[in-house]
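For reference, the structure is listed below as structure tokens.
The values are calculated or read from the model by the stated rules, or taken from the named source; none is laboratory data. Source: prediction; values computed, not measured. Heads up, the Cβs are rebuilt from the backbone with ideal geometry, glycines too, and the neighbour counts pull from every protein chain shown. Calculation scope for accessible area: heavy atoms of the full protein, side chains included, ligands and nucleic acids excluded. Shrake-Rupley method; radii C 1.70, N 1.55, O 1.52, S 1.80 Å.
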Amino acid sequence: MTTAVMYNDAGLITAVRTGSTNGVKVDAEASGQSYLLTDESVDLNSFYVNVSTKTVVRYPEQPSDAYVFDFVSEAWALDITLARSLAWARVKQSRSQEEFGRFQWGDYVFQCDEVSQRRIQGAVQLAAIQSSMTLEWTLEDNSTQLFTATDYIQIGQSLAVHVSQCHERGRMLRQQINESTTEAELEAIVW
């Protein structure tokens, strides 16, 4: 079996064909790209081509997803823009877990996933219309509690503060991420 390795000017492998020497050579020539033939097993994600020596080389271990391969130096280089993007994705995920997890009003702990938030908002709207209403609510621990219209308005306010605080903290961390210039600075930013 012969492998044809097609690659671009930098050395990035763009396609691999395996088969008879004549067959893979025809495919490689038809691609219009630079290529080399080898008896090695080669895959796109593990190898590149050293264009000066025209040899297939295994990538060194990637330090993290924030690194991109620099074909000139044949080493991984930190892409600070990508690193910032990955850090922000990590913070956003933590923010969502916090925002849609739970919140507390007085001694009571409420679920605040999206459905629960809509239900609380509905109870607050009803409380605004019916000031004498009383409703039983299932709390996070599955116990139930009777709340008045005034309670529901305060619960709704507490939920709004909880969501606002999550986003305020997210904005603060986003600014820190945008101002970071090193991977160590980005790793130090945690929810």
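Step by step: find N for the chain, compute 2.2 N^0.38 Å, then divide the Cα radius of gyration by it. What's the final number? Please report the intermediate quantities before stating the final value.
On the way: Rg = 28.5 Å, N = 191, 2.2 N^0.38 = 16.2 Å.
Dividing the Cα Rg of the chain by 2.2 N^0.38 Å gives 1.76.
Tell me which DSSP H helices of the chain clear both cut-offs, 30 Å or more of axial length from alpha-carbon atoms and a mean Kyte-Doolittle hydropathy of at least -1.0. The partial results should precede the final answer.
Values: long enough: 149-179 (45 Å, -0.59).
The qualifying helices are 149-179.
Which is farthest toward the positive dipole end of the range 77-136 among Ala83, Trp105, Val115, measuring Cα position about the Cα centre, with Cβ charges +1 (Lys, Arg) and -1 (Asp, Glu)?
The residue sitting farthest along the positive end of the dipole is Ala83.
If packing is taken as the average number of other Cβ atoms within 10 Å across a peptide's residues, how do 2-15, 134-147 rank, most packed first? All intermediate terms of the calculation are to be shown ahead of the outcome.
Numbers: 2-15: 17.8, 134-147: 12.3.
The packing order, highest mean first, is 2-15, 134-147.
Using each residue's phi in the range 33-43, evaluate 6.51 cos²θ - 1.76 cosθ + 1.60 at θ = phi - 60° and report the 3J(HN,Hα) Karplus result to the nearest Hz, with x for Gly and Pro.
3J(HN,Hα) across the range 33-43, in whole Hz: 9, 5, 8, 9, 9, 8, 9, 6, 7, 10, 10.
Quick one: accessible area per residue over the range 116-165, 1.4 Å probe, rounded to a whole number of Å²? Can you show the working numbers first?
On the way: 3040 Å² over 50 residues.
Heavy-atom accessible area per residue stands at 61 Å².
Compare the Cα positions of Tyr152, Val26, Gly170 along the charge dipole of the chain (+1 at Cβ of Lys, Arg; -1 at Cβ of Asp, Glu; about the Cα centre) and return the one farthest towards the positive end.
Tyr152
Students often check this: by mean Cβ neighbours within 10 Å, which of 121-128, 178-185 ranks highest, and how do the rest follow?
Packing order, densest peptide first, comes out as 121-128, 178-185.
How much of the accessible area of the chain, in percent, comes from carbon and sulfur atoms when a 1.4 Å probe is used? Don't skip to the answer; put the middle values down first.
On the way: 5530 of 11590 Å².
Of all accessible area on the chain, carbon and sulfur atoms account for 48 percent.
Using modelled backbone amide H atoms (1.01 Å from N, in-plane), which distant-in-sequence or interchain residues come within less than 5 Å of Phe71's amide H?
Placed amide hydrogens put nothing under 5 Å from Phe71.
Taking the dipole about the Cα centre of the chain, with the C-beta of Lys and Arg at +1 and of Asp and Glu at -1, give me whichever of Leu36, Phe69, Ser143 is farthest to the positive side.
Farthest along the dipole direction, towards plus: Ser143.
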